[in-house]
Structure formats: structure tokens, C-alpha cells
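To start, the structure under review is shown below, and the notes come after it.
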Amino acid sequence: MTGLREKFAEAFDIGVSLGGRLPDDYTPAEIALIDAQFSVVTPENCMKPNAIQPREGEFTFAQADALVAFAAAHNKRMTGHCLVWHEVCPAWFFLDGEAPASRELVLARMRTHIHTLAGRYRGHLMGWDVVNEALDDDDGYLRDTAWRRAIGDDYLVQAYRLAREADPDCDLYYNDYGNEMPAKREKTLRLLAELADAGIAVPAVGIQGHWVLDQVPFDEIDAAITTFAATGRRVMITELDLSILPWGKSAGNPYPDGCPAEILARQAEQYAALFRLFLRHRDVITRVAFWNPHDGRSWLNSFPYNRTNYPLLFDRQCQPKPAYAAVMAV
Ligand code: XIL
């Protein structure tokens with residue numbers, strides 16, 4: 001069977017994020033789906049700070065090691081996600097006893113974390129999402145995070161330098177959501193320029209791509225790709241999904257037993273339109289990665305609250321949805 005990864009092989013890689021433990025937590029049908037459809041794997045959670053170093057000096061690599069071994073055994077390349085993130089970062093990083101830790105102590109911990117993690121997987125990863133989601137959603141420039149409060153605005157430069165030291169050969173990425181929209185686009189350019197001034201090359205920008213049915217900002221996505229490419233950088237769509245429910249808690253759980261055909265048809269059209277757009281930018285897009293392999297595994301069934309969602313190209317039985325056929329037909 002020709003899958004996504006073969007269909008788009010000449011244009012860009014097709015990626016997927018995988019959670020849980022590979023291969024033990026996955027059915028044969030899921031493994032077959034991964035084999036057929038995707039060429040690059042992103043760890044969904046197992047390389048995040050809380051998973052890797054829940055307590056100071058206590059590193060837990062079992063799940064990440066299993067994923068790296070799975071990827072090698074199944075001919076997939078891998079990207080690293082993520083070294084520094086304001087979410088799921090244990091409080092101990094920023095404490096000295098009961099008191100806030102000094103800049104020096106937090107920097108030392110950042111160094112240990114990045115060197116240990118990126119050093120362990122050196123040679124196995126195409127690149128790292130070094131700092132994830134560092135830009136402010138509102139009027140500010142940088143997001144107010146514990147890292148920034150402890151170290152200062154140069155915490156990004158520090159993190160990228162440490163990542164470069166730990167793995168001299170992999171790419172260093174900047175990954176965020178909503179950075180296709182004008183405000184965060186500008187902040188992204190500013191951040192990339194500041195990193196460049198500090199001697200740090202970030203050759204590719206990740207646009208996460210958590211979009212909502214009927215609200216996909218096609219023109220902004222198009223403009224963002226053009227804008228980032230104009231700086232000589234590549235673009236990756238890193239966490240693609242197309243939720244059939246709006247953000248927020250208002251929507252309840254309208255489709256617990258199945259998604260209406262009419263919605264699946266609209267989703268198919270919008271996915272196809274997205275891939276047409278991506279193909280137009282195939283010279284600068286290097287990877288289009290889905291966040292999870294099929295609807296049953298999607299994080300959007302539990303974020304931001306529990307409900308049944310249908311955001312991906314494959315259903316809960318790993319069968320192709322109308323959106324899959326539409327994407328394969330572009
Ligand atoms: C999500 C995972 O999918 C969930 O399992 C976890 O509970 C929270 O994080 N942006 C990112 C990803 O960069 O790391 C997030 O992943 C989704 C949003």
C-alpha cells in the first residue's frame with residue numbers, strides 16, 4: 001500500500017508523534033499504520049523535562065530509549081522534543097530549598113539537563129526543539145516563564161548554546177503555536193534575529209499546526225511560510241491536527257459515538273486544502289508531522305477536557321477517513 005510518506009516523499013517528510021511505550025503499548029494494526037504512513041517520529045511526551053528528570057539527578061530514560069530503538073528498527077528518523085518548555089517542568093528546577101534558586105544554580109541545572117538528554121541521543125536525532133513556545137500570546141515579546149524569571153531574557157541563548165555543545169551535529173529548531181499569525185510571526189523573526197546575533201543558527205522554524213475545523217487561517221499560514229522562508233530558513237509543520245471541536249470548554253461532548261459524515265467531509269476538504277498549500281511551498285517545507293497517529297490516540301480527546309474528538313486522518317480502528325483519501329488525491 002502506498003501511504004502518505006511515499007506519496008509525499010519527493011516534497012517533504014511525513015512525521016508523527018508517538019506517546020506511550022513502543023512497541024508494547026501498540027497493537028499490530030497501529031504498528032502497521034506507523035510503518036506504512038510515517039517517516040519521522042517525534043516523542044510525544046517521553047523526552048519532556050518531567051519525564052526525563054522528575055527529581056534532580058534522577059534521570060528516567062526507559063521510554064525514550066525504547067522509542068529511539070523502535071524508530072531505528074522501523075527505519076524512521078527522529079526529532080527531539082523538547083529541551084526547555086514552561087509546561088511540565090518540575091518545580092525543583094527553580095528552587096533552592098524553599099527559596100527561589102539563583103540564576104547560577106538554574107543555569108547549572110539547565111546545563112546538566114540539556115547535556116545529559118541531548119548528549120544521550122546525540123547522533124540519533126535530526127534536530128531538537130530546543131525551547132518550545134517561548135513567545136507571549138499577548139502584547140509582550142517573551143512569555144513569562146519560570147526559566148525566564150530565574151535566568152533572565154538570555155535563557156534562550158543559553159539553552160541553544162548548551163544544545164549545540166551537547167549535540168554539535170543536529171539542527172536546532174524553534175517551535176511554537178499560533179506563530180502563523182502576524183503578531184507571533186513578528187516575535188519569531190525578532191527571536192531568530194537575536195539568536196543569530198548571539199551566533200546561534202536556527203535553520204528551521206516549527207509551526208505546530210493545531211488548527212480547528214472551519215477556522216484554519218490558510219492565508220496566514222501561507223504568509224508565515226513565505227516570511228520564514230524569506231530569512232533563508234526552512235519550515236516544518238510539527239504538530240498537525242484539525243479538531244472538529246472548538247477550543248475551550250463550551251463544546252461539551254457532542255459526538256461520543258461517531259463523527260457525522262458531513263463533518264468528516266468538511267474536514268477532508270480542509271485537510272486537502274492544507275496539503276495543497278504545503279505542496280506549493282515544498283521547496284522550503286521539510287516535514288509535515290501529525291500530532292498522534294490516529295483519532296483514538298489524539299491528545300485532543302483529553303485536552304483541554306475529556307471528550308471524543310476526530311482530528312486526524314485515521315479513525316480509531318486505524319482505518320483511513322475521508323480526509324486521508326482527500327490528502328492522497330491532492
Ligand atoms: C501534549 C501531549 O500530546 C499530551 O499528551 C500532554 O499531556 C501535553 O502535551 N504543544 C506541544 C506538545 O508542543 O508537546 C503538546 O503535547 C501539545 C501542544
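Laboratory data are not the source of any read-out in this text; all were calculated from the coordinates shown. Fair warning: this is a prediction, and the values are worked out from it, not measured in the lab. A quick note on method: Cβ atoms are made from the backbone with ideal geometry, for glycine too, and the neighbour counts reach across all protein chains shown.
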Long-range amide H contacts for L172: which residues qualify at under 5 Å (H placed 1.01 Å from N, peptide plane, sequence gap of 5 or more or a different chain)?
W128
With 10 Å bins from zero, work out the P(r) of the chain over every alpha carbon pair and list the percent per bin.
6, 26, 35, 25, 8, 1
Report the number of Lys pairs in the chain whose alpha-carbons are under 28 Å apart, with separation of 8 or more residues or on distinct chains.
9
Taking a spot 7 Å from the Cα of K249 along the direction of its beta carbon, which residues of the stretch 73-91 have an amide N less than 19 Å from it?
none
Over the stretch 154-289, what is the relative contact order in percent, taking alpha-carbon pairs closer than 8 angstrom and at least six residues apart?
25 percent
Given R₀ = 35 Å, FRET efficiency for A72-A11 by Cβ-Cβ distance, to 0.05?
0.90
Angle in degrees between helix 261-280 and the longest Cα principal axis of the chain, rounded to the nearest 10
60 degrees
How big is the stretch 204-316 on each of its three principal axes, counting only the C-alpha atoms and giving the largest first in Å?
46, 24, 24
By how many degrees, between 0 and 90 and to the nearest 10, does the Cα long axis of helix 218-230 differ from the longest principal axis of the chain?
50 degrees
With the label point 7 Å along the Cα-to-beta-carbon line of A36 and a cut-off under 16 Å to each amide N, the hits in the stretch 9-27 are 27
Could you give the radius of gyration (one decimal) and Dmax (whole number) of the Cα atoms in the stretch 41-202, in Å?
15.5, 47
As I understand it, the value is the acute angle between the Cα axis of helix 155-166 and the longest principal axis of the Cα atoms of the chain; what does it come to in degrees, rounded to 10?
80 degrees
In the chain the DSSP beta bridges are antiparallel at a rate, in percent to nearest 5, of 15 percent
Rounded to 0.05, the calculated FRET efficiency for the beta carbons of A193 and R148 at R₀ = 22 Å is 0.75
When the helices in the chain are scored as -39500 (n - 2.57) per DSSP H run of 4 or longer and the sum is shared across all residues, what 222 nm value do you end up with, to the nearest 500 deg cm²/dmol?
-11000 deg cm²/dmol
Can you give the Rg and Dmax of the stretch 165-230 based on its C-alpha atoms, in angstrom?
13.2, 43
Scan around L22 for amide H atoms under 5 Å from its own, H built in the peptide plane at 1.01 Å from N, and keep only partners 5 or more places away or cross-chain.
L67
Between the stretch 273-295 and the stretch 150-197, the alpha-carbon center distance in angstrom
22 Å
Take L95 and E262, extend 7 Å from each Cα along the Cα→Cβ direction, and tell me the distance between the two endpoints in nm.
5.3 nm
What is the distance, in nm, between label points placed 7 Å from the Cα along the Cα-to-Cβ direction at L279 and at T116?
4.7 nm
